Amino acid sequence: MPAEQPPAADVASTVGATNPPEIESILDAAEAQFSEIGVKLTTINDIARRAGVGRVTIYRRIGGRDEIAHAVTTRSAARLIDEVVATARAAETIDDMIGNVFATTVIRMREHPVWNRMLTLEAASSLPRLTTDGGALLTNATHAAAAILDEAVKSGLMPAIEDLAARAEVLVRVAHSVVLTPQAVIPLGSRDELVSFAQSHLLSIVVPHRA
C-alpha cells in the first residue's frame with residue numbers, strides 16, 4: 001500500500017507559516033533589496049531603511065542577513081507550494097494536473113526575482129545551496145509533490161500507485177533540472193512547451209499503466 005501522505009495544504013504550512021505584520025514588512029523590504037542588488041551586497045541598514053525600522057528590531061525579530069535570506073526564500077517556497085496546490089486542485093484530469101503543476105512550478109522559479117539574482121550575481125555561493133547542498137530543498141519539494149499526488153488519488157483523479165514518494169521525487173528532480181538548466185535540446189521556454197513536455201514524458205511516471 002502507498003504510504004499515507006500529509007494533506008497538501010499542511011505541507012505548505014510546515015514550510016513557511018504566516019508571519020506577524022512587522023516581520024512580513026521586514027521580509028518584503030529584504031526581498032525588494034535582494035532583487036535589486038543581491039544578497040551579498042545587501043546590508044542590514046539597507047533593509048532597515050526600506051522597512052522603516054531600526055537595525056536592532058531586525059536583529060531581534062529575525063536575525064542577521066543570512067537568517068533574513070533564509071526567511072525570504074522559505075516564505076517564497078511556501079507561497080509557491082500554495083499556488084501549486086491550488087493549480088492541482090483546479091485540474092479536471094490528471095493530464096491537466098501534471099502539465100499545469102509542472103509548468104507553474106518551473107515558470108514561478110524562473111521568474112522569481114531573488115532566485116534569479118542569486119543565480120546570476122552570486123552563482124558561486126548560491127549554486128551549492130541548490131545542488132550539492134540542496135537536499136533539504138528537494139526533500140521539502142518532494143513532500144509537497146507527494147501530498148499533491150496523494151490528494152489526487154483520494155479525489156479520484158488518478159488511481160492509487162506504489163512508491164508514490166519516489167515518483168514524486170522524480171518529478172521534483174526533473175523540474176529542478178529544468179529550472180537550473182533551461183536550455184538544451186528539448187524546447188522548454190514557454191508554458192505550452194512545459195505542459196506538453198510534462199504530459200508526454202512525466203505523466204507516465206505518475207500513472208505508468210494507463211491504457
Candidates VAL101, VAL114, VAL85 - the one that is closer than 17 Å to ILE205 by Cβ and either hydroxyl-bearing (Ser, Thr, Tyr) or surrounded by 17 or more Cβ atoms within 10 Å (Cβ to Cβ) (or both): VAL101
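Residues to consider are ALA124, ALA152, ALA160; find the one that is loosely packed, with under 12 Cβ neighbours inside 10 Å, over 19 Å from ARG79 (Cα atoms) and either of a type in the set (D, E, K, R) or touching a residue at least 12 places away in the same chain (Cβ under 8 Å) (or both).
Details: ALA124 fails: either of a type in the set (D, E, K, R) or touching a residue at least 12 places away in the same chain (Cβ under 8 Å) (or both); ALA152 fails: loosely packed, with under 12 Cβ neighbours inside 10 Å.
Checking each option against the conditions leaves just ALA160.
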Among the candidates ALA48, ALA71, residue that is out of contact with any Lys or Arg (no Cβ under 6 Å at 6 or more places or on another chain) and of a type in the set (Gly, Ala, Ser): ALA71
Selection count, the stretch 156-202, where residues are closer than 17 Å to LEU138 by Cβ and either at pLDDT below 90 or in a helix (DSSP H, G or I) (or both): 19
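The values are calculated or read from the model by the stated rules, or taken from the named source; none is laboratory data. No experiment lies behind these values; they were computed from the predicted model shown. So basically every Cβ, Gly included, is an ideal-geometry build from the backbone, and we count neighbours across all protein chains shown.
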